[in-house]
Amino acid sequence: MGRRAIGTLMLLATLSVMGVVIIQLLWLQQASRYHREQVELNKAQASQLEKQFNDRVVMALTDVTEQILTINKDSTDLFDAVKQARPNYFAVTINDTLHPYLLEALLRKEFSRRHIDEDFEYGVYDCFTDSIVYGNYVSFDTLATDTMPHSQLLKLDKDGHYFGVYFPLRASTLWEEESGMGWTWLFPTIVTMIVFGFFAYSVWVIMRQKKLSEMKNDFIGNMTHELKTPISTIALSSEVISDPAIIQEPERLREYARIIRSENDRLRTQVERVLQLATLDKDSLRMKQERVDMHAVVREVIGSFKLGLQERRMGTVLDLEADVAIVNGDRVHLTNTLFNLVDNAVKYGRPDTNLGIRTSRRGNELLLSVKDEGIGIKREDLKHIFERFYRVPTGNVHDVKGFGLGLHYVQQVAHAHGGGVSVRSEIDKGSTFTLSLPLAQTS
Ligand code: ADP
């Protein structure tokens, strides 16, 4: 997929996700406004209904009081007798004899006449002692309401009594409307978050794949170049030596034979690098378990770089301090690992400088470091150099070609042996790569 296609795709995907989020926000806003309006409306209706109810109760209670006074043949001066003390409680001052049985009967009659069919409790009080004289709960739901026991029928012949009517179910029905939007917004929000999460994850995967595919392309380009050069040199040299006249010039013949051999070596190294990659792709590296003397490996690897080091006029400083350097592992992979580190030190080291190899022991670990005085690595590149196909962009300044595989391989092998690799580097000063490998148990 081309850069532009990915760009367009990203743009479209971002726009659609943003669209979804905006729609979601608008929806939430609208829903909450609608909810608020609904709550306001409910409140208004509720208070309207409540007012009507209160008026009806006051009227009913006034009628009841009037009738009691009429029965008692008292004056029916009812100025301000009924008072609403709380939203669901009404007190009636009646300075007269009050019979609870009569009161309940009148209350029932007046309430049902005015369609006040809510449960209520009433109490008759003595206003001198301010204590309840009689009380009862009246329910319209059940037919058999508490009938008044006759023993309790007190003949209240003293004046100065008042009664109160209380509607226990009212508060809960009218005042419970105040609630938030609830959790209705939660589900769509979670869905949007999940969509958003998937989108972010896909972008991340696409970017990673894109980077990897760019690196792979670089790798193929490099590899083609690396393989083509020795092949064409070999082709040219073999053409020269197939000329019969060359027999007359044995020096030239030997020179061309040497070129063919060294180019062949180069080809072999390159092919081995690619093969290393193939080994890594087989998910887990299969490591043999043999006793490997890393000091011997160091000498062997340095030996194979003799020519390369000479060409770049580089010296070697060996500092093999570790008292034991035997590790359990795979000789071939361990040799390749050190080979890659030394190869880099030669490639990226400066001519006329030294390359140092040092071993030391840290507890049960062998530390093996390869130090060069070369171009160094920038801090921001350091964290990537162990990634597969990663090459520092300026890595080609000295026309040094590579595949970006060497260090990845080093790290994989070190991990497979239960060890690791670390790097310290300063730009233009040089780099030190340190391998740590668990030492073999001495038996
Ligand atoms: P390459 O084949 O490119 O050398 P490596 O995986 O061995 O691949 O190294 C990755 C990158 O790390 C290289 O491209 C190079 O830029 C940087 N690098 C590795 N070793 C050194 C070193 N000793 N000095 C400076 N840069 C180095």
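The values are calculated or read from the model by the stated rules, or taken from the named source; none is laboratory data. As the structure is a computational prediction, the values presented were derived from the model and not from experiment. Here the Cβ positions follow ideal geometry from the backbone for every residue, glycine too, while neighbour counts run over all protein chains shown. Areas reflect the complete protein model, heavy atoms only, side chains present, ligands, DNA and RNA absent. Shrake-Rupley method; radii C 1.70, N 1.55, O 1.52, S 1.80 Å.
A count restricted to the range 76-106 and to residues that are without any contact (Cβ under 8 Å) to a residue 60 or more places away in the chain and outside any loop (DSSP other than H, G, I, E, B) stands at 10. Criterion applied to ILE260, ILE247 was being modelled with pLDDT under 90 and either open to solvent by 60 Å² or more (accessible area, probe 1.4 Å) or on the phi < 0 side of the Ramachandran plot (or both), and the one residue passing it is ILE247. Which residues, counting only those in the range 350-390, are of a type in the set (D, E, K, R), within 13 Å of the ligand (Cβ to nearest atom) and open to solvent by 20 Å² or more (accessible area, probe 1.4 Å)? Those that are of a type in the set (D, E, K, R), within 13 Å of the ligand (Cβ to nearest atom) and open to solvent by 20 Å² or more (accessible area, probe 1.4 Å): ARG350, LYS371, GLU373, LYS378, ARG379, GLU380, LYS383, GLU387, ARG388. Mind checking whether some residue in the range 107-117 is surrounded by 16 or more Cβ atoms within 10 Å (Cβ to Cβ) and in a loop (DSSP other than H, G, I, E, B)? The answer is yes, given that some residue of the range 107-117 is surrounded by 16 or more Cβ atoms within 10 Å (Cβ to Cβ) and in a loop (DSSP other than H, G, I, E, B). Scanning the range 286-327 for residues that are in a helix (DSSP H, G or I) and acidic (Asp, Glu) gives GLU300, GLU311. Filter the range 338-389 down to residues that are charged (D, E, K, R) and part of a strand (DSSP E or B) and give me whichever is farthest from PHE305 (Cα to Cα). The selected residue is ARG362. For the structure I just gave you, tell me whether TRP183 is open to solvent by 80 Å² or more (accessible area, probe 1.4 Å) and within 30 Å of ALA414 (Cβ to Cβ). For TRP183, the condition - open to solvent by 80 Å² or more (accessible area, probe 1.4 Å) and within 30 Å of ALA414 (Cβ to Cβ) - is not met. Consider the range 196-206 and keep the residues that are of a type in the set (A, V, I, L, M) and surrounded by 15 or more Cβ atoms within 10 Å (Cβ to Cβ). The one that is nearest to ILE23 (Cα to Cα) is VAL203. Within the range 383-394, residues that are touching a residue at least 24 places away in the same chain (Cβ under 8 Å) and among the hydroxyl-bearing types (Ser, Thr, Tyr) sit with their Cβ atoms under 8 Å from residues that are surrounded by fewer than 19 Cβ atoms within 10 Å (Cβ to Cβ) and in a loop (DSSP other than H, G, I, E, B), at 6+ positions apart or across chains, in these pairs: TYR390/HIS384. Going through GLY349, GLY402, GLY376, GLY329 one at a time, which residue ends up being over 30 Å from THR224 (Cβ atoms) and out of contact with any Pro (no Cβ under 6 Å at 6 or more places or on another chain)? Answer to the check: GLY329. Checked against (1) within 13 Å of the ligand (Cβ to nearest atom); (2) open to solvent by 30 Å² or more (accessible area, probe 1.4 Å), ARG313 passes all but a single condition, namely (1). All of LEU367, LEU309 fail the test of being hydrophobic (A, V, I, L, M, F, W, C), touching a residue at least 40 places away in the same chain (Cβ under 8 Å) and either outside the structural domain of GLY419 (by TED's automatic domain parsing) or within 13 Å of SER436 (Cβ to Cβ) (or both), apart from LEU367. Here LYS51, LYS73, LYS43, LYS83 are screened, and the one residue that is open to solvent by 50 Å² or more (accessible area, probe 1.4 Å) and at positive phi is LYS73. Within the range 403-422, track down each residue that is within 13 Å of the ligand (Cβ to nearest atom) and touching a helix residue (DSSP H, G or I) at 6+ places or on another chain (Cβ under 6 Å). PHE403, LEU405, GLY406, TYR409, VAL410, GLN412, VAL413, VAL421, listed by residue number. Contact map, the range 215-236: residues that are touching a residue at least 60 places away in the same chain (Cβ under 8 Å) paired with residues that are among the small types (Gly, Ala, Ser), Cβ distance under 7 Å, separation 6+ or inter-chain. Pairs shown: MET215/GLY404; PHE219/GLY404; ASN222/GLY402. Scanning the range 86-106 for residues that are open to solvent by 50 Å² or more (accessible area, probe 1.4 Å) and β-branched (Val, Ile, Thr) yields a single hit, THR93.
To keep it simple, each residue is scored yes or no on (1) touching a residue at least 24 places away in the same chain (Cβ under 8 Å); (2) out of contact with any Gly (no Cβ under 9 Å at 6 or more places or on another chain); (3) within 16 Å of the ligand (Cβ to nearest atom).
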| position | (1), (2), (3) |
| --- | --- |
| GLU255 | no, yes, no |
| ILE260 | yes, yes, no |
| ASP323 | yes, yes, no |
| TYR348 | yes, no, yes |
